[in-house]
1. Taking the residues in the range B:342-368 that are modelled with pLDDT of 90 or more and of a type in the set (F, W, Y) as candidates, determine which candidate is nearest to B:T331 (Cα to Cα).
2. Identify the single condition in (1) within 22 Å of A:E41 (Cα to Cα); (2) touching a helix residue (DSSP H, G or I) at 6+ places or on another chain (Cβ under 8 Å) that A:A221 does not satisfy, given that it satisfies every other one.
3. Got a number for residues in the range B:213-232 being at pLDDT below 90 and part of a loop (DSSP other than H, G, I, E, B)?
4. In the range A:229-257, what residues are under 13 Å from A:I472 (Cβ atoms) and among the hydroxyl-bearing types (S, T, Y)?
5. Out of the strands (runs of 3 or more DSSP E) lying entirely within the range A:430-506, which hold 3 or more residues that are of a type outside the set (G, A, S), in contact with a Leu (Cβ under 7 Å, 6 or more places away or on another chain) and touching a residue at least 12 places away in the same chain (Cβ under 8 Å)?
6. Could you give me the residue pairs with C-beta distances under 6 Å whose first residue belongs to the range B:61-87 and is at pLDDT below 85, whose second residue is among the hydroxyl-bearing types (S, T, Y) wherever it lies, and which are 6+ apart or on separate chains?
7. Based on what the data block shows, is B:V381 of a type in the set (A, V, I, L, M) and without any contact (Cβ under 8 Å) to a residue 12 or more places away in the chain?
8. Please determine whether any residue of the range B:103-110 is over 17 Å from B:E149 (Cβ atoms), in contact with a Pro (Cβ under 6 Å, 6 or more places away or on another chain) and within 11 Å of chain A (Cβ to nearest Cβ).
Amino acid sequence: MTRVAERPSAEGETKVSGKKTAARATAESMAAKQRDISVSEFFAKNRHLLGFDNPRKALLTTVKEAVDNSLDACEEAGILPDITVVIEDLQPDRGREVKQSRYRITVVDNGPGIVRKQVENVFGRLLFGSKFHRLKMSRGQQGIGISAAGMYGLITTGKPMLIQTRPRADQPAHHIELAMNTKTNRAEVTVDEETEDFPLARLKGLTAGTRELAQRGEFLAAGAYPTGTSVTVELEGRYQKGRGSVDEFLELTAIANPHARITFVPPSRESAAEDETLLAGAGRGRGSADETPGVTAEPESPAQTTETGGVVVFPRGVAELPPETKEIQPHPKGIELGILIQMLKDYEAAEKGGTLYKFLQERFCRVSSSTASEFCQTIKATARTKVSDLEPAQAEALFRAFQEAKLAPPPTDCLAPIGVRQLLAGMLKGVKAEFYAASSREPEVYRGRPFQIEAAIAFGGDLPKDESARVIRFANRVPLLFQQSACSSFKSVTETNWRNYDLQQPRESLPVGPLVIMIHMASVWVPFTSESKEAIADYDEVRKEMKLALMECGRKLGTYLKKRAKMKREAERRDVFQKYIGEISKALSAINGSDASRLYEALLAQAKKRTAIADQRLDDEGKRIKDEDPADQDGVIIVAPTPAEGPAGVPPGGMPGGVLSKAEAARLKVASLAKDDEPALLDVRETPRAGRGKAKAGDPPSSKSKPEASGPAHGAKPRMRLVDGKLVRVDEPGLF
Amino acid sequence: MAKKTSGSGGGSGAGGAGGAGGGMTARIKERDARTRGKIVELADRISTSALSMREPKIEIPIRAKSNTIWDRKRRVLRMGDASSERELFNLSQAKQFMQTCLHSSSIKDLIEAEKTLSLRGMFYKGLHTVAGTKEKTFADQDESDAVLEDLEVSLGALREELHIFAKKKGTMIGNITIVDTGDEIDCRRMGSGGYAIPSIVEPDVIQFKKCDAKFVLHVEKDTVWGRFNEDKFWQKHNCILTEGGGQPSRGVRRLLQRLNTELGLPIYCLLDCDPWGHYIFSVIKQGSISLAFESNRLAIPEAKFVGVRSKDYAECGLSDDVQIALNDNDTKRAKEIAAYPWFVEHKGWQKEIDLMLKNGFKMEVESLITKDISYVTETYVPQRLRAKDWLD
């Protein structure tokens, strides 16, 4: 609770002093006005602090909070998340010039559900939650989000929040409508009944796309939700694609959460024409029906985003949940004096008569019995000194002792990084590029809190060439969409010298080129700059790790680019030779009557031999892979080099067929990165593609040799090599 | 591969002063068969390398100053033994390699069809778009000409043996009757235009029939030549008058050389007093660097330089107006020429160039016209010839 005294300002007093008998405030009258401000009330007035600054952001924040909650709940319950986001435009016939509209947002998950008596608390109170008081890596931290969204909806439309939840598979779902009383910070339930209509059958008939998917059992199929929760909020908002949009958020969420399947039904129309597709992701689907994955727990499909009648499906890329994270006690070096005093009080309250010696060991991590007694000695207490007997000065001395003590850093098994392989899988799914690299740093500590930085980059391909690199930021797998320049990760990107890696970079700004940079911070407590969780605060330790991770990726890219340039030069050389070989063969044949085609073949063979470097396969460091030692290192995927312009080159931009085979080849490589201790990647399966039948017939033999994968790709490392600018799999029978 | 520099081809031409007729045709047939053989041999070497996975190469003698030898005894420039290899698998040579093959094939066609083509015609014969690209086989005629010169030295065959001729350049008039491909031409009756000297003047094309002239006066350009012709200089002094349009072509040089060696006529040159004029004389006298392999056929070690001389400004009392200041390039060039081994040892030339540099200006032959319209034809040249005042 925030206590704010409302007092007339001193300035005000002097100004009115000229007037006689003006109602001067007395201590009593002031006291009458002084009262508690409910947190809800405070945030209703300061909604920007929570990310509801404007209608567009309000829409996004609502989706974001609901999705974050769903993912957290699913993971904690050990369920592979299957999340459906539906946005309905309730005023589809509004005039063109109307900038905003009323929307109904529904987010359905297959999580564990919420027991009936907690529904009001979870959805109807601010600052209620399970996540604030603990040090555990999760998406939500404060317990504000979804309630604030409901409150915003209530303020703008007067409509209550609709919650459906089924915590037990054998019982009907609860259907609850609740409105929050901002004064009391309590929910007022208006409807409370049981229902079998979960998930809402109404949603299936919304659009042509949903009908089509539902018919195939791929959209809100009843069987897929034994438990789960559905939240519906109506609010005034504005739907627009582009940067900071719901589309972008979901797309990035899909990148950072390859284990989740996310379905998105966007509203029928955008609020204003502001067309800007950032990642080629949303809406890029090939619209082919047979590619949409099933909803079962083990879907089999290539992890490519698809679109059916406007419904975007981000399929699951890996079939296993991230490892469960442990909750940890605070580290002595990570707390402040006030917190220490509060912890002492809390301990006293919990353990009547508990000793300091025990308190230190139980409420902190990395404090052994011997360190605990050392601390006791330092502040002139004994092992039997009770917490309640501590003098304030002693508490302060203890705090100082904490700072000076030599302690092991906090345990790091509380962190669940995305992992190099999943980072690559996510990037590959969401960004069409030519080169991918990822790196995962070892855990580090800031203010006594463990954290871990991961970075990934995607380069080339279809990415815009002349623009600043795009930075996508994540904290605990949640995309951060706003306040980029205030974010530590952004600073770490601009402070990294990308020129070292053959990229352009104006002074103190982002590198320029076809580049997407992803940074992820995993921590038990991500230091956000504000409650709206938009930027990571700039701790030196954090920024240093980010830069190191970026440099690692950058080095790989730099080596690749150098090598690629060389390969390109060689390919160009070969083109020159090849160009003239035909003429030479013909001329020689005309002179001495030798067989022109034999000459041509012989000369061509020589040309290839002499420019052999153009055929070389590159390893992760960009070094040549020797044929006898295909020791692929982790962390890099190369889809294909830019085809050299020339008679033998691939058409610029790539034909659909070429792109697909590249992408498939790259997925094979991701699959090949699988390690025993990591979750297995989904099987890669040759998927028939509608409308590609014709192209198939004329395909080069290389694509025919694509694997008909049916079994897991454990330990298999498909060998790729570049042939005539295309990535071709070197076939090894028995691989699959 | 012909490692010899200029041997066989040149010899065959120079020897044949004899008449036309059946012997000639047979000789031509034999010569063509030899040339054709050389081309097939070149192609065989390339295809053998290709099929045995060795790098195809064409050996080409180097036509550069570094590979030019000053033959002190014979006082001509000779080509040295150094040669370079034109490689297919070399980015900067691949295209030329292809062009060499194309032209070899074209030449074989010409020989078999018993036809000749101009340099420009050869450019067009080889010109087409490289299969599968938008690139032309030859960007311009210069590329084609260079490849043909390479082929000449590489095959050790002269241009005419390759059935190629250059465009006509140079004019002749005077007391001589020649036979050009069977047509008798009386060079005394050539009006104001004169006889255009063809590119190929070998004995099988041109034979000397009747010559009364006692010497040849070669002037730099046709304007001066016109002056001499109008004044009937060749009639008065019983000589042959030629001009080469600046740097004389191979045809002009070969004709002068034949007049000199076969008919024993002395060659006198009237050229500008500038580095360009000096260089023209140098080429006529001892041959050029790029055609050093043909010096046997082209160089005239006995040629004489009658003017214009640096001293003439003072000696003839020319006005200031005829001075053309030497620019930096001229000075540089003059010093280069003075340093040529065949000039270095020649005191007269050292003095001549020194004086020009000291004067700081150059003079054209036409500058003598400031004295009188016919000063050069009636006074200057006759005086110099009488006084034997020339540089050799």
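The values are calculated or read from the model by the stated rules, or taken from the named source; none is laboratory data. Owing to the predicted nature of the structure, the values given are computational and were not obtained by experimental measurement. Neighbour counts are summed over all protein chains in view; Cβ atoms, including those assigned to glycine, are modelled from backbone coordinates with ideal geometry.
1. Checked the range B:342-368; the qualifying residue nearest to B:T331 (Cα to Cα) is B:F361.
2. Against the list (1) within 22 Å of A:E41 (Cα to Cα); (2) touching a helix residue (DSSP H, G or I) at 6+ places or on another chain (Cβ under 8 Å), A:A221 comes up short only on (1).
3. 1
4. Residue satisfying the conditions is A:T253 alone.
5. Details: elements: A:435-440, A:444-446, A:449-459, A:470-475, A:478-480.
Passing ranges, in order: A:449-459, A:470-475.
6. B:R63/B:S290
7. Details: of a type in the set (A, V, I, L, M): yes; without any contact (Cβ under 8 Å) to a residue 12 or more places away in the chain: no.
Answer is no for this residue.
8. First pass over the range B:103-110, keeping only residues over 17 Å from B:E149 (Cβ atoms): B:105, B:108-109.
Next, only the ones that are in contact with a Pro (Cβ under 6 Å, 6 or more places away or on another chain) stay: none.
The answer is no; no qualifying residue exists.
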